[in-house]
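Notes follow once the structure below has been shown.
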Amino acid sequence: MENAPVITVVAYNIPPQEAERYRQWVEESYYRISLSTPWVQGNDRYKIVNESPDYPKAFYLQHYPNMDGLNTWEASPERAAIRKDQTVWHREVIWSGIYEMVKGFSNSLVASKDEQTSLVDDASILHIEAFNITSENAEKYNTWFSDWGQKVYIPILMKLPGIKAINCYRWTGRSREPEIKDPKYPRYVSLMYFESYRAYEIYKEGPELVALRESIKWTFPGGLDYRWNIQYQLVKSWRK
């Protein structure tokens, strides 16, 4: 997966009195600088749909063409300047993990080519589902995903109304910043993009999801260790 797309999953809480100023800095400085480089492809900012003490209010995705692009960006003087500026803010960083795409599925005409992309547009709701599996079940899971997940169940889900994309990622074992609250990243993350919250509810209540869960239960009687299960609403996307 040398050329697989890479994302950083960043989430934090920030004091209300700093929130607006921080937003302006992120949008006017951070994103402007990052997108002026050849290594960052896009940024997405989200807010939580239903607030929960178990999840951060703010959620960000940053997109890179591959691991080489991310590594070059991380070592760049532009990134060093941003990292220095970030020290003045009182952020409570919760997630800052680096994930590499295993497989992406999209109903977008732009993404219908063989080339994989982590970029998804025109999707107002992002459902995040992430889990761990035991080391002894890792190979079994990879086989299940290859034979059933990506060939049977996800293509069925992609036919549901309002689903724009499903991108499946694996943790790289790396994070960008020292974590404060949740340093134990889930090994697998699925990002599901919906055109509306109603489309997400149709997916959540449908027989297709029941069939998927039954298949997982049949293959893994002990279940999966689910870590993240939350919905965020898109605030704004930035692209080159």
Checklist entry - Quick one: which helices (runs of 4 or more DSSP H) sit completely within segment 148-223 and have at least 3 residues that are of a type in the set (Phe, Trp, Tyr)? => result 197-205
Item to check | Selection from segment 135-150 of residues that are surrounded by 14 or more Cβ atoms within 10 Å (Cβ to Cβ) and within 23 Å of Thr117 (Cβ to Cβ) | outcome: Asn142, Phe145, Gly149, Gln150
Checklist outcome for this item: Being more than 25 Å from Val88 (Cα to Cα) and either more than 18 Å from the chain's Cα centre (by Cα) or of a type in the set (A, V, I, L, M, F, W, C) (or both) narrows Ala4, Ala19, Ala58, Ala11 down to just Ala4
Checklist entry - Out of curiosity, is Ser124 closer than 23 Å to Glu195 by Cα, touching a residue at least 40 places away in the same chain (Cβ under 8 Å) and in contact with a His (Cβ under 7 Å, 6 or more places away or on another chain)? => result no
Checklist entry - Among the residues of segment 153-182 satisfying the criterion of being of a type in the set (Val, Ile, Thr) and modelled with pLDDT of 90 or more, which is farthest from Val10 (Cα to Cα)? => result Ile156
Item to check | Single residue of segment 1-25 satisfying the filter (out of contact with any Leu (no Cβ under 7 Å at 6 or more places or on another chain), touching a residue at least 24 places away in the same chain (Cβ under 8 Å) and of a type in the set (A, V, I, L, M, F, W, C)) that is surrounded by the fewest Cβ atoms within 10 Å (Cβ to Cβ) | outcome: Met1
Checklist entry - Got a sec? Which strands (runs of 3 or more DSSP E) wholly within segment 36-126 have at least 1 residues that are in contact with a Gly (Cβ under 7 Å, 6 or more places away or on another chain)? => result 58-64
Next on the checklist: Please pick out the residue among Tyr169, Tyr153 that is aromatic (Phe, Trp, Tyr), under 23 Å from Val49 (Cα atoms) and surrounded by 14 or more Cβ atoms within 10 Å (Cβ to Cβ).
Outcome noted: Tyr169
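The values are calculated or read from the model by the stated rules, or taken from the named source; none is laboratory data. All figures in this text were calculated on a predicted structure; none of them were measured in a lab. With ideal geometry, Cβ positions are generated from the backbone for all residues, glycine too; neighbour counts draw on all protein chains shown.
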